[in-house]
Amino acid sequence: MAHQRYFLELAYLGTPFKGWQRQPNADTVQGRIEDALRVLTREETLITGCGRTDTGVHAASFFAHVDLPEQHAGLAPTLCERLNGLLPKAIRIHAAHPVHADAHARFDAVQRAYAYRLHRREDPFLDGYSFRYPYAAWNLDAMNAAADGLRRVGDFSSFMKTGSDAKTPHCRVDLAFWEPDPLTSKASEGWVFRIAADRFLRGMVRLVVGGLLEVGRERLSPEAFLETVHKGERFQRSTAAPAHGLYLHRIRYPYAIGPHAAVPQIGG
């Protein structure tokens with residue numbers, strides 16, 4: 001039976017869900033979209049995501065591919081609208097791009113970028129979307145020195161979770177830096193950590209942020225931070241930053257998606 005493959009371009013708020021990946025007896029983003037597709041096609045329709053986000057992690061940009069049999073070709077023009085009508089408001093499908101039959105949302109991605117937001121003072125507009133980190137002073141220069149050094153690390157065993165099923169701890173970090181968050185009223189009240197790489201270990205970004213915050217509070221020097229990473233050792237004090245501050249921000253593919261290259265390169 002002939003199929004047409006589509007890349008679904010979407011965004012979701014991670015707070016209500018137990019992550020991206022479908023799980024038994026758990027409300028997940030993948031599960032919700034597959035359930036909606038089942039209603040539309042009246043058959044089991046599986047999707048493959050560009051990655052897996054953990055419980056509570058958000059995605060400002062996410063891609064998943066789905067194969068629709070030719071008898072459902074009539075769904076394509078209104079697929080996004082009809083899916084959104086069946087999905088909770090926390091998940092929005094922005095576009096359905098026809099792609100070649102071998103295009104793969106996960107394995108073809110050549111770069112992924114994350115943003116981690118944190119703010120200092122209490123703000124009802126940021127709760128649940130940014131990590132409140134109330135300490136009076138952070139050494140931003142030290143944090144950026146440590147972050148930039150990640151571009152010269154290949155083995156990220158320091159940030160591999162115990163029991164991880166990752167086949168390799170090796171990643172290529174293209175950029176990593178902190179900058180003022182434009183969503184806060186004052187530049188000194190909020191910061192965004194941006195990191196882009198060819199791949200990430202599960203939970204890696206939140207562990208990196210936790211380590212960099214130790215550097216920012218001057219409990220750890222940038223040199224000691226990077227020495228620990230290069231040795232593949234665990235950090236003694238740092239913990240993973242909370243999930244609600246983390247966003248999958250952008251995915252890059254080596255080919256155009258839709259009528260133009262919809263996913264531009266970040267750094268690197």
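Brief remarks on what is shown
- Qualifying residue in the stretch 130-139 (condition: within 14 Å of Tyr116 (Cβ to Cβ), of a type in the set (Ser, Thr, Tyr), touching a residue at least 40 places away in the same chain (Cβ under 8 Å) and not in a loop (DSSP other than H, G, I, E, B)): yes
- All told, Ser130 meets the bar of being surrounded by 20 or more Cβ atoms within 10 Å (Cβ to Cβ) and of a type in the set (S, T, N, Q).
- Test: Ala103 is touching a His at 6+ places or on another chain (Cβ under 7 Å), over 18 Å from Ala240 (Cα atoms), among the hydrophobic types (A, V, I, L, M, F, W, C) and modelled with pLDDT of 90 or more: yes
Residue by residue, here is whether (1) touching a residue at least 40 places away in the same chain (Cβ under 8 Å); (2) in contact with a Cys (Cβ under 7 Å, 6 or more places away or on another chain); (3) buried (at least 19 other Cβ atoms within 10 Å of the Cβ) holds:
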residue: Met204; (1), (2), (3): yes, no, yes
residue: Val215; (1), (2), (3): yes, no, yes
residue: Glu223; (1), (2), (3): no, no, no
residue: Glu227; (1), (2), (3): no, no, no
residue: Phe235; (1), (2), (3): yes, no, no
residue: Ser238; (1), (2), (3): no, no, yes
residue: His244; (1), (2), (3): yes, no, yes
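- Here Arg42, Arg5 are screened, and the one residue that is in contact with a His (Cβ under 7 Å, 6 or more places away or on another chain) and not aromatic (Phe, Trp, Tyr) is Arg5.
- Selection from the stretch 36-69 of residues that are surrounded by fewer than 20 Cβ atoms within 10 Å (Cβ to Cβ), touching a residue at least 12 places away in the same chain (Cβ under 8 Å) and in a helix (DSSP H, G or I): Val39, Leu40, Thr41
- Filter result for His72 (farther than 30 Å from Leu140 by Cα and either modelled with pLDDT of 95 or more or part of a strand (DSSP E or B) (or both)): no
- Test for Ala95: is it under 18 Å from Ala59 (Cα atoms), touching a residue at least 24 places away in the same chain (Cβ under 8 Å), of a type in the set (A, V, I, L, M) and touching an Asp or Glu at 6+ places or on another chain (Cβ under 6 Å): yes
- Scanning the stretch 87-111 for residues that are in contact with a Leu (Cβ under 7 Å, 6 or more places away or on another chain) and assigned to a strand (DSSP E or B) turns up Ile91, Arg92, Ile93, His94, Ala96.
- Within the stretch 216-239, the only residue that satisfies the criterion of being among the β-branched types (Val, Ile, Thr) and over 12 Å from Val153 (Cα atoms) is Thr239.
- The condition of being of a type in the set (Val, Ile, Thr), modelled with pLDDT under 90 and either crowded, with 17+ Cβ neighbours inside 10 Å or part of a helix (DSSP H, G or I) (or both) holds for Thr184.
- Residue identified as outside the structural domain of His58 (by TED's automatic domain parsing) and at pLDDT below 90 among Phe125, Phe131, Phe159: Phe125
The values are calculated or read from the model by the stated rules, or taken from the named source; none is laboratory data. This one's a predicted model, so the numbers in the text were calculated from it and none came from an experiment. All Cβ positions, even for glycine, are placed from backbone atoms using ideal geometry, and neighbour counts span all protein chains on display.
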